[in-house]
1. Quick one: if you stick a label point 7 Å off each Cα along the C-beta vector at residue 122 and residue 261, how many nm between them?
2. Between residue 431 and residue 343, what FRET efficiency follows from the Cβ-Cβ distance if R0 is 22 Å, with the result rounded to 0.05?
3. At R0 = 45 Å, how high is the FRET efficiency between residue 100 and residue 131 if r is their beta carbon distance? Nearest 0.05 is fine.
4. Under 17 Å from a point placed 7 Å out from the Cα of residue 200 along the Cα-to-Cβ direction: which residues of region 107-146 have their backbone N that close?
5. Between residue 219 and residue 329, what is 0.36 nm times their sequence separation minus the Cα-Cα distance? Round to one decimal in nm.
6. If packing is taken as the average number of other Cβ atoms within 10 Å across a peptide's residues, how do 284-294, 374-384 rank, most packed first?
7. When you count, for each residue, the other Cβ atoms within 10 Å and take the mean per peptide, how do 334-340, 56-62, 425-431 rank with the highest first?
8. Show the residues, 5+ positions off or on another chain, whose built amide H is closer than 5 Å to the amide H of residue 222.
Amino acid sequence: LPSSPSYRGLTLVLTFLSYTSYHLSRKPISIVKSQLHLNCSALGPNPRNDSNSTTWCSWAPFDGDNYKELFGALDNAFLVAYAIGMFISGIFGERLPLRYYLSGGMVLSGLFTALFGLGYFWDIHVLWYFIIVQVCNGLVQTTGWPAVVACVGNWFGKGKRGLIMGIWNSHTSVGNILGSLIAGAWVSSAWGLSFVVPGIIIAVVGVICFFFLVEYPEDVDCNPPLHHVSGADSQGACQSSVDHSKSPKEPAEEPEAISFFGALRIPGVVEFSLCLLFAKLVSYTFLYWLPLYIVNVAHFGAKEAGDLSTLFDVGGILGGIFAGLISDYTGGRATTCCVMLVVAAPMLFLYNHVGQNGIGVSVAMLIICGALVNGPYALITTAVSADLGTHESLKGNAKALSTVTAIIDGTGSVGAALGPLLAGLISPTGWNNVFYMLIAADVLACLLLARVVVKEARGWCGPMARQRGY
């Protein structure tokens, strides 16, 4: 490739496709849930003539009255393994070649995603098979986020990082949308293909990344970006000639990777990590339970509910871009997150009470809620993580990106594990209680950012006071 912009474009495209495929492979479970436990009375008499007349067409072991708890166990198996693995993954990501680490994780993710679907073709009805596959998949999927954020952070400086990464982060919602559509295509006929096809897709994209992803600008004789200078120069440029004597990749100049506790001492890491715990709790509850909520409340079919749930992710794309743009303009990452979280709480209440009053209202509320819920989540996991991973206190050491990203997203993943689990436990008492839990989580996420918001506000007030002569 002839220039640094070309390499940066290639990096954005490949990492975008990579994480799109990660989320594409996570989505099928939420679509297939409604097919694993069906009300079979609409299908006619039971051909097996046993006593269970309403769930004879469901997939054992999810045909019992405790099916919601079992679905919660499936979600939790993946998300707990993901949360635990994420704290370790960032440490490996700083010390292993990112291209190998990312590609290997994607191929393994494809394998375990496909294995869940193969349970349909192999006629497996043992809960532990699906639990073990979910645990293994959760562990290998932790290779994705630290690796892609580190690659993008290596190529892009702080100038317009929020907007660039806000647009780039739409891979999460694009993956959810594609995963819903692909899974929905087979959910009613052969639900195993709803997992096998996404598994093949993520493995293929992993092989493509292995051959074409460039980890560092220095690998192709480009200057690294300046992370604390705005403007075009902050993005770096390719060198006209190769000077190996000054290469920053020389072993003598290789900076040491930051430790776990060293990353925790970076200002803002703890606050944003805890905020993401509650923000991601809300987002992942919607990710795993929204289609089933639509089936139960609006009485749509499994495919229609899956298609309608994609509007939440459409809103997530808009919210991520909007959050990045506003935070770039104001310089207030925490304030942007806080305002969106404050507005999200009443919107969730309204969606639960009026969201099913007609298809038009449902569409509008899903897009608005998706934007407000996923906007802060997207901003924290992308631009904020990259900012903190290249914080000025590190004195130019970029060997913290994967670790900081893993700490922030790993803490958020604890919330991602708790959300679907709590939804599974609370939903038998009524969906209203699930939404009260989500609203409380949004409020807590906002409160945890209060100190950083005050610091940003003081930063704005200082220049204004000097201009007025105070």
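The values are calculated or read from the model by the stated rules, or taken from the named source; none is laboratory data. Keep in mind it's a predicted model, so treat the numbers as computed, not measured. Positions of Cβ are generated from backbone atoms using ideal geometry, with glycine treated the same way; all protein chains shown enter the neighbour counts. To get the accessible areas, we keep the full protein, side chains included, count just its heavy atoms, and leave off ligands, DNA and RNA. Shrake-Rupley method; radii C 1.70, N 1.55, O 1.52, S 1.80 Å.
1. Here the answer is 4.4 nm between the modelled labels.
2. So, using R0 = 22 Å, E works out to roughly 0.50.
3. Plugging the Cβ-Cβ distance into 1/(1 + (r/R0)^6) gives 0.95.
4. 107-122
5. Answer, rounded to one decimal: 36.4 nm.
6. Most protected by this proxy first, the peptides run 374-384, 284-294.
7. Result, highest mean first: 334-340, 56-62, 425-431.
8. Distant-sequence amide H within range of residue 222: 239.
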